[in-house]
Every structure is written in structure tokens, then in C-alpha cells.
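Below: the structure, in C-alpha cells.
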Amino acid sequence: MTVLSGLVRTMRPKQWTKNAAIFAALIFDAKVFQRGPLLRTLAGFVLMCAVTGAVYIMNDLADVNKDRQHPTKRNRPLASGKLPAPVAVAAAVVLLGVALPLAFWLDVYFGLIAVSYLVLQIAYTFLLKNYVIVDVLAISAGFVLRVGAGVPLVPADRFSPWLYICTTLLALFLGFGKRRQELVLLQGEARNHRAILGEYSVPFLDEMINVVISAVIVAYSLYTFTAVNVPPNHLMMLTIPFPIYGLFRYLYLIHIRGEVSAPDEVLLKDRPIQLTVLTWGMLSFALLLGNRLQLWG
């Protein structure tokens, strides 16, 4: 493994898909086909990926000793010694030194949100991840900031606050699902690899996941017929079955099929969930775009 490939691995490109949340304002405000908002959002996505890459480098630098005792994380470039720590530090400094000034150049509010996201991630790495439930709330806040980062880039004049609530709940679902995966994977060694895992149990996390899933369904259902940007004929309610199926499918996979992957990892490999997300996205966008075209007409 070369130093460059190790650096790229440490930046976790696969995790950059989470930054796709920045496109929420563009999509739900039906401005995908407007050149200016689209280009600004694409630029914002690239800059958030750079910030995220720097954050992952800092995380691995902070956890390098613990990762060396983890069954899979010990193979990470920093933990295995294949990526020198000074190179990783320099890369993080360069990424932030370039991305943050460009973020403020793109839009002042976007820059402030990018800095807020960085501060939150640093606080999580060195403090918040050590407090039960607060650790998952911090993860959720990161997703909300990603969504919020896209709003000033559009700008989204009809972006519903309900989508912030849905984002928060979905992020909690991802966070609790991730903690459950770690407990199942590490079993009795969980506390040794991440101290906070000693404060969780699989039954407790299952209860939290069930509560959050219920809240997601209610919040999204309310969005479909109360938000200002949805069709007044309530056609958006036709999209409700898709998130219900997707969430229930995940419960089926972990409880019946014995799936131990985190929710975001399941999304990348389970075809029924992928098809559900794709169909929901296409139908939702068609309805929102149709509503905006009707307003313009």
C-alpha cells in the first residue's frame, strides 16, 4: 500500500455519501434543473467532502491506539503503521486550509455551517462520544448541519422545517443502528474497544430504534400534507409507504436474517431497500417538481 492510497483510505471516501444530505434543499425545493443552485450545491458537496475527509483523519489519529486492538480497525493505515502520522496531520491541515476559505467564498452562511460542523466533529472526537445518548445526538446533529448547509446555496425559499425533523430522526436511527452493530460484532469485547459501548445493550438499542422509527413515520407523514412546498392535493402522501417498507425491511434483516451491518451499510448492499429508496426518490421529486411548475404556471 502506498502512502497516497493509505491517506485516501483514511479519508473514507465511502462515507462521503453521507454528505449527499446537502442536496436535500435542492431536491425538495425542486431546483435541480436550475444551473446556479445546482452548481453551488455540487461545489458545496465537494467542500464538505474535503472537511469530512479531514475529520476522519483526525478521528483515526485520536483513536490510533484503540484501533490497534480492534479486530478490523487495526488494519486501518494509521493503526497498521502504513500511513505515517506526520503525513496524516499535514493532509488534514491542507484540506481544511483550502476547504474552509473556499466555503466562505461560496457563501458566508455555508462557511459558518461548515465551521460549525467541524467544531461539532472535533467535540465529538475528544468529548461527546464518551457520553451515552449524547454521542448519538451529536451524530444526528452532524446530519442536520449537512442538510442545513445546502439551504443557503439554493437558496431554498420553500424548504420545510419538517425535513430537519425527519433528518434528525433518521440520523438517530443510523446512530443507534451503528451502536447496535458494534455491540453485536464485538460482543464481550465492546467496552475494551469503545468505552461508551459499555453503557449500551442490544435490547436497549432495539427499543430506541423502534421509538425512532415510529417517530420517523409520523414526522414524514405530517410533512407530506402540511409542508408549504408539497402539492396541495396531498399527492405526496402516496410516498409514505416507501419509507415504511424500507424501515421495516431493516428490522426484518437484523431480527430475522441476523444482519449485523449498520443501516447505512445495509443500504449499500440490500437490493429491496435500494429499489425502495430509488422509487421513493423518483416519485417524490416528480410530485415536487410538478407542484413547482404548477406554481410557475
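The values are calculated or read from the model by the stated rules, or taken from the named source; none is laboratory data. Treat the numbers as computed from the prediction; the structure is a model and nothing was measured. Glycine gets a Cβ as well: all are built from the backbone with ideal geometry, and neighbour counts include every protein chain shown. Side chains included, ligands, DNA and RNA excluded: accessible areas come from the protein's heavy atoms. Shrake-Rupley method; radii C 1.70, N 1.55, O 1.52, S 1.80 Å.
Of the complete DSSP H runs in the chain, those spanning 18 angstrom or more by Cα along the long axis with a mean Kyte-Doolittle score not below 0.0 are 35-62, 85-106, 108-126, 134-150, 162-186, 202-226, 241-255, 271-296.
For the pair S5 and L289 in one chain, pulling the backbone fully straight at 0.36 nm per residue adds 98.1 nm over the alpha carbon distance.
Measuring r between the beta carbons of L275 and F104 and using R0 = 51 Å, the FRET efficiency lands at 0.80.
Which shape class applies to the stretch 180-297: rounded if a/c is under 1.5, otherwise prolate when a/b exceeds b/c and oblate if not, where a ≥ b ≥ c are the square roots of the Cα gyration tensor eigenvalues? Since a/c reaches 1.5 and a/b is larger than b/c, the shape of the stretch 180-297 is classed as prolate. Ordered by solvent-accessible area of protein heavy atoms (1.4 Å probe), largest first, the residues T167, T279, T41 come out as T279, T167, T41. Nonpolar atom fraction for the stretch 71-186, defined as the carbon and sulfur part of the 1.4 Å probe accessible area, stands at 74 percent. The mean accessible area for residues of the stretch 121-179, using a 1.4 Å probe and ignoring ligands and nucleic acids, is 38 Å² per residue.
Ignoring everything but the protein chains, give the 1.4 Å probe accessible area of M282 in square angstrom, nearest 10. Here the accessible area works out near 120 Å². Assuming a ≥ b ≥ c are the square roots of the Cα gyration tensor eigenvalues, decide whether the stretch 42-168 counts as rounded (a/c under 1.5), prolate (otherwise, with a/b larger than b/c) or oblate. Since a/c reaches 1.5 but b/c is at least a/b, the shape of the stretch 42-168 is classed as oblate. Is the shape of the stretch 87-161 rounded, prolate or oblate, going by the alpha carbon gyration tensor and its root eigenvalues a ≥ b ≥ c, with a/c under 1.5 for rounded and a/b larger than b/c for prolate? Oblate. In a fully extended conformation the segment linking I122 and V184 would gain 19.6 nm over its present Cα-Cα distance, using 0.36 nm per residue.
In the assembled protein chains, S214 presents an accessible area of approximately 70 Å² (probe radius 1.4 Å). Just name one of T17, M208, P232: the one whose Cα is farthest towards the positive end of the charge dipole of the chain (beta-carbon charges, Lys/Arg +1, Asp/Glu -1). Going by the Cα projections, it comes out as T17. The simple Förster model, with R0 at 25 Å and r as the Cβ-Cβ distance, assigns L251 and Q15 a FRET efficiency of 0.60. Taking 0.36 nm per residue of sequence separation and removing the Cα-Cα distance, the I240/V218 pair yields an extension gain of 7.0 nm.
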